[in-house]
Amino acid sequence: MYLMETEFLLVSMAGVPNILSDFVPDNGLASLASSLLEEGTKVKILDLNRVSLFSEILSENEKTFLEKFSRKIFIEEKTPSFVDILKLKFINRRIEKNKKLYLERLKFFIDNIVKSEKVKAVGFKLWAGDGFSWSMEVGKYLKSKNPEIKIFGGGPQVDIFEHLIYKDGNFF
């Protein structure tokens, strides 16, 4: 069996999208990949910021309810009912549970890429919110399963939090 070799895997995952910019392709990783390629480094970008993530987190019934609820509140300008609020709380609990399940699958998925392609280093774009916590979780997991791998974090969160990132991310 032939194994591809990727020296550097660049990962962008914003988490469950909160704003439209979470869907914008990351030109920072593309610029970094270009520089690495110019130096002869084999690099791959794994951009996990996609609309289909909603299908992994929400059921069709939940999506339908949220669409109707949004229309009711933002277009029809009606006040949510007590039942609406209860349904929202239920959906929120389901979303949090499904996000945890997705994160577990994500850890195995990225670890499989690391192993199958003999990745030597992984760089995470550190987003805010879910994207930050997911990158931290996946980074810890990868380091525990592949102690020799180098893991890097970049992006605006590094500039904002600087050395504090190492408190939770001692694997960097």
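General remarks:
- Extension gain (nm, one decimal) between SER31 and VAL83, 0.36 nm per residue minus Cα-Cα: 13.9 nm
- Candidates SER52, SER12, SER116, ranked by Gaussian network fluctuation over the chain, Cα under 10 Å, top entry: SER52
- A compact globular protein would have a Cα radius of gyration near 2.2 N^0.38 Å; the ratio found for the stretch 49-117 is 1.48.
- Estimated from helices alone, the mean residue ellipticity of the chain at 222 nm is -16500 deg cm²/dmol (sum of -39500 (n - 2.57) over DSSP H runs with n ≥ 4, per residue).
- Formal net charge of residues neighbouring LYS78 (Cβ-Cβ distance under 13 Å; K, R +1; D, E -1): 0
- Per-atom-type breakdown for the chain gives carbon and sulfur 59% of the accessible area (1.4 Å probe, protein chains only).
- Inter-centroid distance (Cα atoms) of the stretch 89-121 relative to the stretch 23-74, Å: 14
- Summed side-chain charge close to PRO17 - residues other than PRO17 whose Cβ falls under 14 Å, Lys, Arg +1, Asp, Glu -1: -2
- For the stretch 109-159, the Kirkwood estimate of the hydrodynamic radius, built from every pair of different alpha carbons, is 11.2 Å.
- Full-stretch length increase - SER116, LEU46 - with 0.36 nm per residue and alpha-carbon distance subtracted: 23.7 nm
- Helices meeting the span-like rule in the chain (full DSSP H runs, Cα extent of at least 27 Å along the helix axis, mean Kyte-Doolittle score of -0.5 or higher): 82-116.
- Seen from THR64, the other residues with C-beta closer than 12 Å to its C-beta sum to a net charge of +1, counting Lys and Arg as +1 and Asp and Glu as -1.
- Backbone N atoms of the stretch 28-44 closer than 11 Å to the 7 Å Cα→Cβ label point of GLU5 belong to residues 42.
- Rounded to the nearest 20, the Cβ-based charge dipole of the chain about its Cα centre (Lys and Arg +1, Asp and Glu -1) stands at 680 debye.
- Taking the convex hull of the alpha carbon positions in the stretch 3-78 and averaging its projected area over all directions gives 6.9 nm².
- Enclosing the Cα atoms of the chain in their convex hull gives a volume equal to 143 cubic angstrom per residue.
The values are calculated or read from the model by the stated rules, or taken from the named source; none is laboratory data. In this text the structure is predicted, and so the values were computed from the model without any measurement. For neighbour counting, all protein chains shown are included, and Cβ atoms are generated from backbone atoms with ideal geometry for every residue, glycine included. The accessibility values were calculated without ligands, DNA or RNA, using every heavy atom of the protein model including side chains. Shrake-Rupley method; radii C 1.70, N 1.55, O 1.52, S 1.80 Å.
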